[in-house]
Amino acid sequence: MIFPDRATYDRVRGSAILSRAAVCRIFNIDAAQITDHVEFDPALAIKFTIYRRMPSGSPGDADIFGSQQYGPLLDIEVPGTPYDNASVARIFDAPTFCWSGER
């Protein structure tokens, strides 16, 4: 995930809602299934790579390019954000959040 500004990146990173352990909970996977988990400050980005359950293009593979796995991230809530007069905001509802340049 690429964030549009330092404040948003720091808020999400500091909340640990996208930590390695959180990603395991969100996707219901073991830690061994995450090959990489990187918080890359110069790009204001958090990246994680998950092993595929089957080879790309195999019978039953629902995501040949491995890019359609973001669904479980849609309901992530960021604690302490000022949106909608609540103490929590969904990460994709935050006006300053980007998903690889898309909204």
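Values computed for the structure shown
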quantity	calculated
G14 vs. criteria outside any strand (DSSP E or B) and on the phi > 0 side of the Ramachandran plot	no
Search result, residues across the stretch 1-11 that are without any contact (Cβ under 8 Å) to a residue 40 or more places away in the chain and either at positive phi or of a type in the set (K, R) (or both)	R6
Within the stretch 55-69, considering residues that are modelled with pLDDT under 80 and surrounded by 10 or more Cβ atoms within 10 Å (Cβ to Cβ), the one farthest from A16 (Cα to Cα)	I64
Residues that are within 22 Å of Y9 (Cβ to Cβ) and either surrounded by fewer than 13 Cβ atoms within 10 Å (Cβ to Cβ) or in contact (Cβ under 8 Å) with a residue 40 or more places away in the chain (or both), drawn from the stretch 36-54	D36, V38, F40, D41, P42, A43, L44, A45, I46, K47, T49
Count - residues of the stretch 71-103 that are modelled with pLDDT of 80 or more and either assigned to a loop (DSSP other than H, G, I, E, B) or surrounded by fewer than 10 Cβ atoms within 10 Å (Cβ to Cβ) (or both)	2
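The values are calculated or read from the model by the stated rules, or taken from the named source; none is laboratory data. Since the structure is predicted, the reported quantities are computational estimates derived from the model, not experimental observations. Cβ coordinates were reconstructed from backbone atoms using ideal geometry, including for glycine residues, and neighbour counts include every protein chain displayed.
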